[in-house]
Amino acid sequence: MQYRAAIVVAAFVVFTGCTHSGSGSTAAAPSPAPAAMPHVPADTMPVATASAGNSLSTMPLEHNATVDDLVELTGKELKLTKLIVLNKVQPLQGVGNAPMHGRAVTLQLLGEGRVAGQGPVNRYSGDLHITDPGRCNWVGPLTGTRMAGSAKAMELEERFLSTLGAAAHLIRAGDGLRFETADKSGAVEFHLVQ
């Protein structure tokens with residue numbers, strides 16, 4: 001907010017820098033040196049978001065997730081946008097715009113730590129616990145249905161569930177969440193379904 005106020009003040013000074021003298025001529029008034037703008041790191045640039053009260057607030061683009069972040073996303077469906085296994089981005093053919101078996105890979109926070117969603121083939125669920133901002137663990141293993149799919153879909157589901165189940169870090173990434181493994185070699189990222 002201070003950043004925006006500084007911009008408004010600077011614009012006002014520039015646009016009102018000319019004064020009218022009694023002789024009918026316009027003379028430029030000396031303009032003050034521009035105010036120093038605070039440096040705002042790119043990963044913490046304020047962004048407008050709608051909060052639960054439908055007012056605008058600012059939040060960093062990414063930050064360690066808190067219980068409040070989970071409460072804010074409770075009941076909203078998130079869609080898988082990125083899967084990283086052993087530091088390699090995994091191709092998500094058939095996921096997203098053209099989902100496998102007609103389903104998008106999703107995650108939904110149900111409240112009180114319960115998580116459920118649709119994997120590439122099967123539905124899954126689990127209990128998530130935030131120990132400190134940005135730190136998480138699963139209470140027990142992720143569980144799921146046991147339907148069979150194509151070899152490619154089952155392989156993707158194994159990578160997806162094992163990476164999600166190994167998450168130790170939870171990052172609020174814009175309108176979604178990123179689960180990261182303890183060694184940061186794996187990640188699963190979800191964003192709000194638009």
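The values are calculated or read from the model by the stated rules, or taken from the named source; none is laboratory data. Note that the coordinates shown come from a computational prediction; the quantities given were computed from them, not determined experimentally. Cβ: placed from backbone, ideal geometry, glycine included. Neighbour counts: every protein chain shown.
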### Message
If I ask for residues that are without any contact (Cβ under 8 Å) to a residue 24 or more places away in the chain and either surrounded by 20 or more Cβ atoms within 10 Å (Cβ to Cβ) or within 23 Å of LYS76 (Cα to Cα) (or both), which ones from the stretch 179-188 would you list?
### Response
GLU180, THR181
### Message
Kindly evaluate THR143 against the criterion of being farther than 25 Å from LEU61 by Cα and not small (Gly, Ala, Ser).
### Response
yes
### Message
Can you confirm whether LEU170 is touching a strand residue (DSSP E or B) at 6+ places or on another chain (Cβ under 7 Å), part of a helix (DSSP H, G or I) and closer than 24 Å to LYS76 by Cβ?
### Response
no
#### Entry: Test result for GLY134, touching a residue at least 12 places away in the same chain (Cβ under 8 Å) and crowded, with 18+ Cβ neighbours inside 10 Å
no
#### Entry: Unmet criterion (only one of (1) at pLDDT below 90; (2) more than 22 Å from SER162 (Cβ to Cβ); (3) surrounded by 15 or more Cβ atoms within 10 Å (Cβ to Cβ)) for ASN64
(1)
### Query
If you go through the stretch 161-183 one residue at a time, how many are closer than 18 Å to LEU61 by Cβ and not β-branched (Val, Ile, Thr)?
11
### Summary
Given (1) part of a strand (DSSP E or B); (2) closer than 17 Å to LYS88 by Cα, HIS191 misses just (2)
#### Entry: Criterion violated by ALA148 - all others in (1) among the aliphatic types (A, V, I, L, M); (2) touching a strand residue (DSSP E or B) at 6+ places or on another chain (Cβ under 9 Å); (3) assigned to a loop (DSSP other than H, G, I, E, B) satisfied
(2)
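Conditions (1) free of Cβ contacts under 8 Å to residues at least 24 places away in the same chain; (2) surrounded by fewer than 19 Cβ atoms within 10 Å (Cβ to Cβ); (3) among the basic types (Lys, Arg), marked per residue:
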residue: TRP138; (1), (2), (3): no, yes, no
residue: PRO141; (1), (2), (3): no, yes, no
residue: ARG146; (1), (2), (3): no, yes, yes
residue: SER150; (1), (2), (3): no, yes, no
residue: ALA168; (1), (2), (3): no, yes, no
residue: PHE190; (1), (2), (3): no, no, no
### Query
Does ARG159 count as surrounded by fewer than 16 Cβ atoms within 10 Å (Cβ to Cβ) and of a type outside the set (S, T, N, Q)?
no
